[in-house]
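Novice: Sending over a structure as structure tokens; questions will come in a sec.
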Amino acid sequence: MKVTVRYFGKIQEVTDLSEEHWDIAESLTIDAFRAYLIEKYPALKNETYQLAVNQELLDLNKTILAMAEIAVLPPFSGG
Amino acid sequence: MNSEAKIRYNRHLILDGVGLAGQERLMAARVLVIGAGGLGCPILSYLTAAGVGRIGIVDFDEVDKSNLQRQVLFRTEDIGKNKASAASKHLQALNPLVTFDAIEERLSNQNALDLFEQYDIIIDGTDNFSTRYLINDAAVITFRPLVYGSIYKFQGQVSVFNYKQGPSYRCLFPEPPKPGQIKNCSEIGVIGVLPGIIGTQQANEAIKLILGIGEPLSGKLLIYDALNASSTVLKVDRNEATIKKVIDQKADFLTFDYDRFCGMNTKIESDQIDPQDFSDLLNDGDHLIVDVRELWEVPELIGDNVLQLPIDELKAKIETLQTVKKIVLVCQSGVRSKQIKEFLETTYKMNNLFELAGGINALKDLT
């Protein structure tokens, strides 16, 4: 199934892009997606970020469905 | 409301949703702004112009020439002056009807609770994680709504926390990132207009809360990208357990070390390891020490966590090294380790690297 992955802040510097489209296995959990992400970008293992699926943050048991938009969001500190 | 106020606030008085009652609410409101920097300047300017009755400004810092690129309240002649008092002087000239409290102190767990209790709304315009967690917890404990804003290069985040039954900052980010992981504006720069946009959004949220109009950004995080002028709004859920924990630990608030919680004041603060601190890292399982010298170079570095990897061998092990928590690169004089660190950071986006300043030679000088 196809999903869109969007990167923000510092994460964009690791992935070198702000958005990409992935073709991944059906009904992946957030945790499985996280593993996928680290496999593709090993440096993300040392980064702090939250994942949002379809603009909703923090629901670890959620399953990712086709056409989902996943946001990878690090904290910002500047002011 | 006297006639001078009626003229000054005319555009509010004739506006649906504000009017006389709304303006009176603004004039009765007390708002505490923490940080009179990039975010603080637009926040303070708009709240003052809008006629918020009492505004507290917390900032221990002084105006620096490099602040003037974005901190639009200040003038060149303010360089060297305390930001809280310089800001309140300019703001008082903008609107004499507002009362200002210039607090020339660093916000700490000693003064935060007393301060927060004197205001209705808290606005976070700070520039570091330690103070952001402290502000969140103090706002949770004192039941004050918190208008949050932060920036990174060309992007900003805005939200309203602790409002009615909404989430707190810890519900969004329970744990701070590791020290040095997310750099701030003084390290990586910021486009000057960005804090203007984000700070103005924060002022707007605060005014909405005071007036009770519109939909506050509670339970939502707005992310703005200045490069493509796009906004994304993410839904944030309240985590009851997280909030309860902060309230339950209220008694510990006064002694909680936020700097330590955010990994500051620990041995590794920058990516340069001081030779004096190096012996503590040898045989420490949290760090991998990578000796990048050729195998024939002496003296040999001995330790359980030392790996000898001259540059060619190191290149073959990149994938493993990328997943190690902290790597300290060591060479003879500190020149090669610096070059290799830069190379690995640029080419492989590695973010876990430290280097021994001055190399093995600097260790020899110690004894």
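The values are calculated or read from the model by the stated rules, or taken from the named source; none is laboratory data. Here the structure is a predicted model, which means the values were calculated and not measured. Quick reminder, even Gly has a Cβ in these numbers, built from the backbone with ideal geometry, and neighbours come from all protein chains shown.
Novice: What helices (runs of 4 or more DSSP H) lie completely within the stretch B:162-227 and have 2 or more residues being of a type in the set (D, E, K, R)?
Specialist: B:193-211
Novice: Could you tell me whether any residue of the stretch B:6-27 is under 17 Å from B:Gly125 (Cα atoms) and either touching a residue at least 40 places away in the same chain (Cβ under 8 Å) or in contact with a Cys (Cβ under 8 Å, 6 or more places away or on another chain) (or both)?
Specialist: Within the stretch B:6-27, none of the residues are under 17 Å from B:Gly125 (Cα atoms) and either touching a residue at least 40 places away in the same chain (Cβ under 8 Å) or in contact with a Cys (Cβ under 8 Å, 6 or more places away or on another chain) (or both).
Novice: For residues in the stretch A:5-34 being within 12 Å of chain B (Cβ to nearest Cβ) and under 12 Å from the mean Cα position of the chain (by Cα), which is farthest from B:Ile182 (Cα to Cα)?
Specialist: By that ranking, first place goes to A:Glu19.
Novice: Restricting the first residue to the stretch B:241-252 and requiring it to be assigned by TED's automatic domain parsing to the domain that holds B:Asn136, which pairs with a second residue that is assigned to a helix (DSSP H, G or I) and polar (S, T, N, Q) meet a Cβ separation below 8 Å and a spacing of at least six or different chains?
Specialist: Partner pairs satisfying both residue conditions: B:Val246/B:Asn136.
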